Structure formats: structure tokens, C-alpha cells
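Asker: This is the structure I have questions about; it appears just below.
Since every read-out is calculated from the coordinates, none of them should be taken as a lab result. Keep in mind the model is a prediction, meaning the values are calculated, not measured. Neighbour counts are summed over all protein chains in view; Cβ atoms, including those assigned to glycine, are modelled from backbone coordinates with ideal geometry.
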Amino acid sequence: MDTGGPSRAPASMATVSLCARSGAEQEEPMVTRRSLAIALAALLCFVAGSARADTTTSLAPASGDGTFVQVYGARIHYVEAGSGPVVILLHGLADDVGVWKATLEALSRRYRVIALDQIGFGKSDKPLLSYRVETFVDFLDGFVLALKIDRASFVGNSLGGWVAA
């Protein structure tokens, strides 16, 4: 029967409601802390990546601006030093010839060392292509043919190692 007064929820419902509320109150700060931690980690990665990019740029080889060669209609930038058997240096993802400065200087005492900006990187053209390992391999093959190199050893870092293989 309706007594006309305010209705009360059964005690079991009140308990469930309180438990749900206290659980939500406990989770909310964790979500906020987690979001803050993710944002901080992303910021640190961005700052570290920016510092890395600046370092790479400052490592540009001292041999000047380098040279360009046409490969499949695209300009490929490269630097070279030394004489002797040919060694071709292939940088990794998001790098350029600058990462090879010390290696180029050391190896050029005994070898003709060529470091190239792979297609899409550094000073090389950045055409709209499907950038797959096969694409880099094709451009490397075209690069070697354009420079009329019969025999070479390849040294690759990260993506460059994959292309060299």
C-alpha cells in the first residue's frame, strides 16, 4: 500500500549503489594518473626524438653537400670518400647520411665509401610511393647501376640492414 510518504530503497540497493560509487571514486584518480603518465611518456619521446633529429643534422659529413644521381626519375643524394673496394652505407628509418659520419671517415682510409639518403629521406626526393622494403631495394639497385658499381659490400643500420640483406 502507498502511504504517501517518501519511498525508501531497499537496504541491499543502497549498499550496491554505495559500492558502485566508491569504486568509481577510486578508479577515477587512477585513470587520471594513467592518462598523465601516458601524456608524459609521449612528451618525453617527442623531446628525445627532436634532440636526436638535431644531432643527426649536425653530423652531416664534412665532405660538403654531397652529390645527386637520378634513379627512376628521383634525385638520390649521397656522399662519398676514399678509394678502393666499394662499401655502401644504408641508414635506418628516420635517419640520413649524417649518422654515418664517423664510419665514413674511418672506412674511407681503406675503401671507397658511399653513404646515401635512401629514397624518401634526407636530401633525396620524397615521391608519393608505396614505401616498402622492396621499394628501397629497387632504388638501391638503380643507385648502384647509375654509379656503374660492379661489386660492393653493404652495411646497413636497422631498415638499412633489411634493405642490404
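Asker: Grab the Cα-Cα distance for residue 128 and residue 151, subtract it from 0.36 nm times how many residues apart they are, and report the gain in nm with one decimal.
Answerer: 5.2 nm
Asker: Less than 15 Å Cβ to Cβ from residue 162, Lys/Arg counted +1 and Asp/Glu -1: what total charge do the surrounding residues give? Let's see the in-between values first.
Answerer: Values: positive: 132; negative: 95, 134, 138, 141.
Within the 15 Å Cβ shell, the charges total -3.
Asker: Hey, another quick one. Taking the alpha carbon gyration tensor of the range 67-164, what are the square roots of 5 times its eigenvalues, largest first, to the nearest whole Å?
Answerer: 20, 14, 12
Asker: Next question, about the same structure. Can you sort 77, 91 from fewest to most other Cβ atoms within 10 Å of each residue's own Cβ?
Answerer: So the ranking, lowest neighbour count to highest, is 77, 91.
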